[in-house]
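Coordinate-derived values only; no laboratory data. Keep in mind the model is a prediction, meaning the values are calculated, not measured. Cβ atoms come from the backbone with ideal geometry, glycine included; neighbour counts cover every protein chain shown.
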Amino acid sequence: MIETANGQVWVGGTSGLAHFSNGLFQRFDWIERSTGGGSAPGSRTALQVFSMLPDGKDAILVGCRQMLCRWNGKRLEFLADTPLVNNLFRDRRGTLWASTNLDVRRVLQPGKPGGIELTGAWIPNGVEDGLPISSVNSVLEDSAGRVWAITEKGPAVFRPNIDLDPPEATIRAEQNSREALSSGEFRVIFKGRDKWDL
C-alpha cells in the first residue's frame, strides 16, 4: 500500500491493484500487453502486485509476478517483462533498483520521475556477483549512500568499481572512418571483450 504526493492511495496484492482518489475507487485485475511495437492490442495478463513505487506526482511503478508496469496518471501501461519484483527502490542519484526472485537489478541510466523507459536495459547482479542467494527480498540505501540487497541468507552491499580487471572497449581503426560525413553523421563500430571471454 502506498500514497502518492497528491493523496492517491494504491493497494496491491496477488488479486490485483486498487486505486482510491477523490472518493472514487478503481480496480485493475489485468493489463493489456500490446504487441508489435506499441499500439496494437495484445494479450491480457492478470495483475499480481508485489511492489509499488511513486514515480512523480501522478505516476507509480508497479512490480508484478512477471512484469513491470506503470500507472502514468491516466492508464496502466506495460513496461517490461521481469522476474517476480519483490521491491522497487530509487537511490539518491535517481537509479531505479528492483529486487527480484532471480537477482537484484538496476536500470542502466538514472530515470526521470514519470518518464522511465525500459527497453531491456537492466544490469542484473546475482550469486556470481557476490549475493548470498539469487532471490532478493529488498533493496535499500543507507545514510552513507551504500546500496544494500537483503536476501534470505543475509545482506550484501553493492560495491561499484570493484572489478580490478574490467573489460575494455576498443574502436578498431581498420573498421572506422577518421572523419564524419559532410552531413555531420558518423557511425562507430566497437568491440569489447573481458579476460574470460564472456
**Q.** Rounded Å value of the spacing that divides the Cα centres of region 1-20 and region 46-84
**A.** 11 Å
Q: Name the long-range amide H neighbours of ASN137: under 5 Å, sequence gap of 5 or more, or other chain; modelled H, no Pro or chain starts.
A: ILE150, THR151, GLU152
Q. Between ARG65 and GLU3, what length in nm is gained on full extension when 0.36 nm per residue of separation is reduced by their alpha carbon distance?
A. 20.2 nm
Q. So how do 137-143, 177-183, 91-97 stack up, highest first, on mean other-Cβ count within 10 Å?
A. 91-97, 137-143, 177-183
